[in-house]
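Here the structure comes first, spelled out in structure tokens, and everything after it is commentary.
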């Protein structure tokens with residue numbers, strides 16, 4: 001039994017920040033109902049992998065959830081929302097503030113129905129600033145945090161393909177929601193939990209920003225090469241690429257010995273991490289020559305024996321085939337209607353010894369549980385048929 005058994009979550013989220021927050025709650029036992037447009041929300045169909053159009057992201061974000069369709073803008077739809085909220089503990093919605101108001105999902109409207117409700121919302125910029133009314137995706141946080149500028153070169157910055165701002169915001173919101181549930185157990189009161197993509201992005205980039213504010217080094221991008229320690233870089237081998245990260249004096253001593261450069265231990269250019277970062281081009285060039293003489297497997301084996309952090313640069317297919325990833329069982333394969341093969345869904349990436357989370361069901365098809373949910377709210381078959389004829393569901 002999960003620690004959130006008995007907690008009901010209404011998920012009005014889209015894409016990642018809201019839905020992944022709700023998925024994390026579901027993995028630990030919460031009953032999560034995903035509520036979406038009659039034709040299916042746009043995030044259902046990104047990067048399609050099933051004949052009906054469901055995409056890879058949707059399969060990941062919405063495992064363990066029930067699903068219903070609903071139009072909350074219609075009066076009958078808002079009545080369904082009120083009945084759902086009366087049975088719920090948490091509402092998750094990463095929607096613009098005006099949309100929340102129109103759908104009666106703002107905190108005041110929800111608390112009027114269920115005084116101890118917890119509302120968890122995500123916006124791009126947060127409330128109270130000049131950009132607060134703007135909409136945005138993960139990339140907005142990336143580019144405004146300094147992270148994109150510091151990746152790549154001055155002529156060509158690079159955005160990360162993996163949406164780390166969205167996922168980080170989902171994690172923060174899940175943590176905030178759990179804290180709010182704990183507080184409610186003590187006080188009996190609900191509250192509003194807010195996350196913002198830009199807040200997550202500047203938090204993850206905070207050390208870079210602290211350094212700039214305090215000593216103003218005005219750093220410029222150096223591609224994959226780190227700037228505050230060395231070697232920290234990607235290196236080409238005979239048959240691929242690897243990453244090595246040498247941070248701290250013990251690691252540097254082992255690295256210098258492995259390279260046959262023991263005299264560099266007394267070189268003032270490399271006296272500490274920041275000095276090595278300042279002279280990182282010299283150090284990366286030396287390791288680059290070492291890697292170029294070896295296969296990826298040989299280089300990684302020698303670095304592992306020297307206890308120097310390193311890893312291969314894998315293509316997605318190689319990640320799926322990696323022996324350690326498979327031995328650890330990081331993925332759970334799940335069938336989905338219309339998908340040509342089972343999908344490898346990443347399992348809960350944190351392990352609790354007594355109450356571990358689990359994936360118990362695949363992502364739902366469109367409106368798969370609408371009738372069952374409505375019947376649990378007291379709607380009979382005639383009332384459900386009437387809602388369907390009016391395009392409320």
Take residue 56, project a point 7 Å from its Cα along the Cβ direction, then tell me which residues of region 331-349 have their backbone nitrogen under 18 Å from it.
331-347
Have a look at the DSSP beta bridges in region 1-155 and tell me what percent are antiparallel, nearest 5.
5 percent
Comparing 145, 132, 187 in a Gaussian network model of the chain (Cα, 10 Å), the one with the largest mean-square fluctuation is 187
How many nm separate the modelled label positions at residue 321 and residue 295, each set 7 Å beyond the Cα in the direction of the Cβ?
1.4 nm
With Rg and the Kirkwood Rh both taken from Cα atoms, where does Rg over Rh land for region 225-364?
1.13
Given a Förster radius of 22 Å and the C-beta distance between residue 285 and residue 305 as r, what FRET efficiency does 1/(1 + (r/R0)^6) yield to the nearest 0.05?
0.40
In nanometres, the difference between 0.36 nm per residue of separation and the alpha-carbon distance of residue 47 and residue 384 is 118.1 nm
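Where the convex hull is taken over the Cα atoms of region 55-202, what is its projected area averaged over directions, in nm²? Provide the component values of the computation, followed by the final result.
On the way: hull surface 42.5 nm².
With the hull built on Cα positions only, its mean projection is 10.6 nm².
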Helix-only estimate, please: 222 nm mean residue ellipticity of the chain, summing -39500 (n - 2.57) across DSSP H runs of length 4 or more and dividing by its residues, to the nearest 500.
-11500 deg cm²/dmol
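Suppose R0 equals 41 Å; then what is the FRET efficiency for residue 391 and residue 143 from their Cβ-Cβ distance, rounded to the nearest 0.05? Could you put the intermediate results ahead of the total?
Values: r = 39 Å, r/R0 = 0.96.
Approximately 0.55, to the nearest 0.05.
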Can you give the FRET efficiency to the nearest 0.05 for residue 153 and residue 341, using r as the Cβ-Cβ distance and R₀ = 45 Å?
0.70
Helix 75-87 sits off the longest principal axis of the Cα atoms of the chain, rounded to the nearest 10 on a 0 to 90 degree scale, by 70 degrees
Grab the alpha carbons of the chain, take their convex hull, and tell me the volume per residue in Å³.
180 Å³
At 37 °C and 0.692 mPa s, what whole-number value in µm²/s does Stokes-Einstein give for the translational diffusion of region 1-132, with Rh from the Kirkwood sum over Cα pairs?
216 µm²/s
Computed lengthening from residue 351 to residue 266, 0.36 nm per intervening residue step minus Cα-Cα distance:
26.2 nm
Taking N as the residue count of region 193-298, its alpha carbon Rg divided by 2.2 N^0.38 Å gives 1.27
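Sort 267, 335 by Cβ crowding within 10 Å, fewest neighbours at the top. List each step's numbers first, then the result.
Details: 267 14, 335 10.
So the residues, fewest neighbours to most, are 335, 267.
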Could you check which residue among 381, 27, 194 shows the biggest mean-square fluctuation in a GNM of the chain with a 10 Å Cα cutoff?
381
Calculate how steeply helix 206-215 sits against the longest principal axis of the alpha-carbon atoms of the chain, using the helix alpha-carbon long axis, and give the answer as 0 to 90 degrees to the nearest 10.
50 degrees
Highest-MSF residue in the chain out of 280, 382, 152 [GNM, Cα springs under 10 Å]
382
In degrees rounded to 10, the 0-90 angle between helix 249-259 Cα long axis and the longest Cα principal axis of the chain is 60 degrees
Can you bin region 27-97 into rounded, prolate or oblate? Criterion: square roots of the alpha carbon gyration tensor eigenvalues sorted a ≥ b ≥ c, rounded for a/c under 1.5, prolate for a/b above b/c, oblate for the rest.
oblate
Stretch gain in nm, segment residue 241-residue 87, where the contour uses 0.36 nm per residue and the Cα spacing is subtracted
50.1 nm
A correct Kirkwood calculation over the Cα atoms of region 313-379 returns a hydrodynamic radius in Å of 15.0 Å
Computed over region 131-172, the Cα gyration tensor eigenvalues, each multiplied by 5 and square-rooted, give semi-axes in Å (largest first) of 20, 13, 8
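Every number here is computed from the coordinates shown, using simple stated rules; none is lab data. Only a predicted model underlies this, so the values are computations on that prediction, with no experimental measurement involved. With ideal geometry, Cβ positions are generated from the backbone for all residues, glycine too; neighbour counts draw on all protein chains shown.
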